[in-house]
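Written out below as C-alpha cells is the structure these notes cover.
The values are calculated or read from the model by the stated rules, or taken from the named source; none is laboratory data. Fair warning: this is a prediction, and the values are worked out from it, not measured in the lab. With ideal geometry, Cβ positions are generated from the backbone for all residues, glycine too; neighbour counts draw on all protein chains shown.
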Amino acid sequence: MNAVPGAAAPVDVRYVAFFRNVNQGQRGHPSTADLLGALGDAGGRDAVAFQSNGTVVFTDAPASGIAGDIPSALLARSGVEREVFVMALDEIAMVVAAHAGAPDAPRLEVTLHRGGVLDIDDAAVAEEAAVRRCRVVGAGPGWVVSANERDRESNATPVVERLTGAPATSRGLPTLIRLADRFAR
C-alpha cells in the first residue's frame, strides 16, 4: 500500500470483546490466557482481561474485521467454542454515559447481539421482555439496554435471543461503568 504524502495514518481503536458464556477459571471454560491469546492470534493487540466473565479490551486498526476470526482462534487455541461480540470502547462509553444516571442504573444491563436494531416500541419486544421480568429501555445497532424488575437479576439475554433467533450476551451496566472508567479515559 502506498502512503499518500501528508495523509494522516489510521488511528488504532480500542474495542471490547464480549465472549458469550465464559466464566474464566471454571472447568470447561477457556482460561484468561486462552482469551488473550485468541485475540492476539486473530490480530488484536494489547489485550487486557477485565473481570473473569469473558470481557477483554484490545486495540485494533479500524475496519480490520478481526471479530469474525476470534472464535476460530479461540477454538484452535483452547478447543472451546464460544460466540464473541465486539463493540468499540467509545460506543460502550456513550451507552454508559446515556444510562449511568438513571435511577434504576444498578438493574440495567447491556446485551450484545447480531440482530440489527430492535424496535423498543414494538409490542412483541415489550411482551417478551415482560415475560422475563424486564423492559427494554434503549437499543442501537447490535445492542440493547434493559431494566430488570429485581436487583441482581439478568434477564435480557434470553429475551434478545428469542427476539433475534440468535445468540446474545449481556453485561450489567455497573460492570460497564467500571470498564469505561478504567479504559475509556
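Please pick out the residue among 146, 72, 78 that is surrounded by 18 or more Cβ atoms within 10 Å (Cβ to Cβ), farther than 21 Å from residue 13 by Cβ and either among the polar types (S, T, N, Q) or not assigned by TED's automatic domain parsing to the domain that holds residue 178 (or both).
None of the others qualify; the one that does is 146.
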Every pair of residues 6+ apart whose Cβ atoms lie under 7 Å, when the first sits in segment 158-183 and is in contact (Cβ under 8 Å) with a residue 24 or more places away in the chain and more than 15 Å from residue 55 (Cα to Cα) while the second is in a helix (DSSP H, G or I) and not basic (Lys, Arg): 159/128; 159/129; 162/128; 163/125; 163/128; 167/161
By residue number, the members of segment 150-171 that are closer than 14 Å to residue 112 by Cβ and either buried (at least 20 other Cβ atoms within 10 Å of the Cβ) or outside the structural domain of residue 112 (by TED's automatic domain parsing) (or both) are 156, 157, 159, 160, 163, 168, 169, 170, 171
Of all residues being under 15 Å from residue 81 (Cβ atoms) and among the charged types (D, E, K, R) in segment 18-40, which is surrounded by the fewest Cβ atoms within 10 Å (Cβ to Cβ)? Just the residue, please. 20
Set 76, 98: member being assigned to a helix (DSSP H, G or I), in contact (Cβ under 8 Å) with a residue 24 or more places away in the chain, touching a strand residue (DSSP E or B) at 6+ places or on another chain (Cβ under 8 Å) and not hydroxyl-bearing (Ser, Thr, Tyr): 98
Only one of (1) at pLDDT below 95; (2) surrounded by 17 or more Cβ atoms within 10 Å (Cβ to Cβ) is not met by residue 57, so which one is it? (1)
For segment 160-181, name all the residues that are part of a helix (DSSP H, G or I) and within 19 Å of residue 127 (Cβ to Cβ). 160, 161, 162, 163, 164
